[in-house]
Amino acid sequence: QVQLVESGGGLVQAGDSLRLSCAASLQRFDTYAMAWFRQAPGKEREFVAAISWSGGSTSVSDPVKDRFTIYRDNAKNTVSLQMYSLKPEDTAVYFCAADHTTSFPVLSYSYWGQGTQVTVSS
């Protein structure tokens, strides 16, 4: 059974940094593309960042590309999202996602975590 468990969310102030982590119970984690999405209250879920199976390719959405970094540790089955210079508009539930593919980018993700709340106060 695939499980993706996010951690690291919390309440921070504008300008702070935060690192989210996703622990994946996946066999052959290194054959999965991984991604982070977020959903703010009243809004649709949106793509934040993705990383290929090897970590050799990444994609980051325009609103956060200068502030967020995605990386993975295939030895530990984790993917992380390092967030800098957080803004109130970054407030959302952040979801980890996985798809069993060596292609990149990925059009849709098959597995999702439960999410972790990030709240940025002004």
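Details
- Measuring how big the chain is from its alpha-carbon positions, Rg and Dmax come out at 13.4, 41 Å.
- Remark: the chain carries 54 Å² of accessible area per residue (probe radius 1.4 Å; ligands, DNA and RNA excluded).
- Only Lys, Arg (+1) and Asp, Glu (-1) charged, at Cβ; the chain dipole about Cα centre in debye: 140 debye
- Span from the the range 16-47 Cα centroid across to the the range 71-99 one, whole angstrom: 5 Å
- Neighbour net charge for S61 - beta-carbon separation under 15 angstrom, K R +1, D E -1: 0
- Between P41, P88, P63, the Gaussian network model of the chain with springs among Cα atoms under 10 angstrom shows the greatest mean-square fluctuation at P41.
- The string of couplings for the range 14-24 from the Karplus curve (6.51, -1.76, 1.60, θ = phi - 60°) is 4, x, 6, 10, 8, 10, 9, 10, 10, 9, 10 Hz, one whole number per residue in order, with x for Gly and Pro.
- Accessible carbon and sulfur surface of the chain relative to its total accessible area, %, 1.4 Å: 45 percent
- Sequence-ordered 3J(HN,Hα) estimates for the range 58-66 from the Karplus curve with 6.51, -1.76 and 1.60 and θ = phi - 60° stand at 9, 9, 10, 5, 4, x, 10, 4, 8 Hz, glycine and proline given as x.
- Summed residue charge, Cβ within 14 Å of V48's Cβ, Lys/Arg positive, Asp/Glu negative: 0
The values are calculated or read from the model by the stated rules, or taken from the named source; none is laboratory data. Because the structure is a prediction, the values reported are computed rather than measured. Here the Cβ is made from the backbone with ideal geometry for all residues, glycine too, and neighbour counts use every protein chain on show. In case anyone asks, the SASA skips ligands and DNA or RNA and just uses the protein heavy atoms, side chains included. Shrake-Rupley method; radii C 1.70, N 1.55, O 1.52, S 1.80 Å.
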